[in-house]
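Asks: What follows is a structure written as structure tokens; I'll ask about it next.
What follows draws every value from the coordinates through simple rules; no lab data is involved. On a predicted model such as this, the values are computed, not experimentally measured, just so you know. Note that each Cβ is placed from the backbone with ideal geometry, even for glycine, and that neighbours are counted across all protein chains shown.
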Amino acid sequence: MPAPVPVIQSTTDPTLIFEVDVALDVNGLLQPDVNGDFAVVAGTENLKQALSNRITTDAGELIYHGEYGTLVRQLLGAMNGPNAGLLAAAYDTSAVLLDPRVLSVRSSVVNIVGDNIDVALEVIPIVGRVVQLNISL
């Protein structure tokens, strides 16, 4: 008896590729929907939310997912200047590239001023258009 052949769907619909998740506000709290349920985010917006969560999570914070997160916050207070910005951009780029929905990172610019880290990324997903991420830590 032949083995079942896996069904391969070829779609370019971002909603199907990037899936659906619960919507979070800027503080990471669940957002309610107008009908009393949890609000959801789908498609490219879900990808943006997932990448933002990955960048704002410290590496090692999720004990069962050691590869998740970045080391960017460790740069605060330790060093400042152009080297810190380059290192933070490298940390963010490597973290974003671990998401299987990301093909490459076109640019990663980080500005560190005092206790603030501003991240601007241009991410090329596996389908669709370039995704702009602007995150402040």
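Asks: Roughly how many nanometres apart are two label points built 7 Å out from the Cα toward the Cβ at L29 and S136?
Replies: Result: 1.9 nm between the two label points.
Asks: If you don't mind, another one. Take E122 and N53, extend 7 Å from each Cα along the Cα→Cβ direction, and tell me the distance between the two endpoints in nm.
Replies: Taking the two extended label points, one gets 2.7 nm.
Asks: Now for a different question. Arrange E45, E67, E19 by Cβ neighbour counts within 10 Å, fewest through most, would you?
Replies: Values: E45 17, E67 10, E19 14.
In order of increasing Cβ crowding within 10 Å: E67, E19, E45.
Asks: Note down the relative contact order for the range 14-136 as a percent, whole number, built from C-alpha pairs under 8 angstrom at least six residues apart. Kindly include the intermediate steps, with their values, before the conclusion.
Replies: Details: 200 pairs, mean separation 21.2, N = 123.
With pairs under 8 Å counted, the relative contact order is 17 percent.
Asks: Can I ask one more? Helix 82-97: angle to the longest alpha-carbon principal axis of the chain, degrees 0 to 90, nearest 10?
Replies: So the inclination is approximately 10 degrees.
Asks: Any idea what the dipole of the chain comes to, in debye rounded to 20, about its Cα centre with Lys/Arg Cβ at +1 and Asp/Glu Cβ at -1?
Replies: On the way: 6 positive and 15 negative charges, 84 e Å.
Its charge dipole is roughly 400 debye.
Asks: To continue, here is another question. Please work out the FRET efficiency for the pair L86 and Y64, using the Cβ-Cβ distance as r and a Förster radius of 35 Å; give the result to the nearest 0.05. Could you put the intermediate results ahead of the total?
Replies: Working: r = 31 Å, r/R0 = 0.88.
Result of the calculation: an efficiency of 0.70.
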